[in-house]
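First comes the structure, then the notes that go with it.
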Amino acid sequence: MSEAVSALKGASFDGFVTVKDTGLHGMITLRGDLASDAVKAAVQDATGAPVPGQREVSGADGNWVAWMSPDELLLIVAYDAAPQIEADLRKALSGSHHLVANVSDARAVFRLSGSATGLREAIAKLCPVDMTPGAFGPGQFRRTRMAQIPAALWMPTDDSLHVICFRSVADYAFNLLKGAAAPGSEVGLFS
């Protein structure tokens, strides 16, 4: 049996911000009534984090719950834990209308680190998201486009930002992020 590897095997780039393929992550799509007690309890039990509000992300230490749409969450957990968490969610929600799918191997995750202004500038070059500090910050989550591809992003802290995209476009996404973070390409938008 082959060993699972991330899309870019830990590739990294140092520019005015650092861009790094963060390796394998467990990711589970959960669709259902996000206001139901059963979904709230199942998510809390699986991740230790509550169901977040609209366009928000909750959690820490590798367990995140991201709001994707009014009836959809993305649970981000340890890669090896995803199959068991998927099974636990199915069991916990067996009496309610839901969909649970392990999408771990279909996604790639990048971490940008550096100054808050640098992170905001790099993403603002690529995504139609208001990256001003009052409009986007830690605890918020956005689904958007990054140039020609769908992507999602959140800032766990002021000096780090995560980008999720489909694994099939990981190389393209990495090259976009490298270009946006290239030394000397700063425009000073958030200075």
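The values are calculated or read from the model by the stated rules, or taken from the named source; none is laboratory data. Please read all numbers here as calculations on a predicted model, not as lab measurements. All Cβ positions, glycine included, derive from the backbone under ideal geometry; neighbour counts span all protein chains shown.
For the reader, a short list of remarks on this structure follows.
- Residue within the stretch 86-105 that is closer than 16 Å to Trp154 by Cβ and either basic (Lys, Arg) or not assigned by TED's automatic domain parsing to the domain that holds Pro156 (or both) present: no
- If only residues of the stretch 69-97 that are of a type in the set (A, V, I, L, M, F, W, C) and part of a helix (DSSP H, G or I) are counted, the one that is surrounded by the fewest Cβ atoms within 10 Å (Cβ to Cβ) is Ala87.
- Restricting the stretch 165-183 to residues that are surrounded by 22 or more Cβ atoms within 10 Å (Cβ to Cβ) and either out of contact with any helix residue (DSSP H, G or I) (no Cβ under 6 Å at 6 or more places or on another chain) or among the small types (Gly, Ala, Ser) (or both), the residue that is nearest to Arg143 (Cα to Cα): Ala173
- Any hit, the stretch 168-184, residues being out of contact with any Ser or Thr (no Cβ under 8 Å at 6 or more places or on another chain), of a type outside the set (Lys, Arg), at pLDDT below 95 and closer than 21 Å to Ala78 by Cα: no
- The residue list Val100, Val57 contains one member that is farther than 20 Å from Gln140 by Cα, in contact with a strand residue (DSSP E or B) (Cβ under 6 Å, 6 or more places away or on another chain) and either in a strand (DSSP E or B) or without any contact (Cβ under 8 Å) to a residue 40 or more places away in the chain (or both), which is Val100.
- Tally of residues being among the aromatic types (Phe, Trp, Tyr) and within 11 Å of the chain's Cα centre (by Cα) across the stretch 125-159: 2
- In a residue-by-residue description of the stretch 116-139, the property of being at pLDDT 95 or above and in a strand (DSSP E or B) applies to no position.
- Pick from the stretch 7-20, criterion buried (at least 20 other Cβ atoms within 10 Å of the Cβ) and in contact with a Lys or Arg (Cβ under 9 Å, 6 or more places away or on another chain), ranking: farthest from Ala78 (Cα to Cα): Gly15
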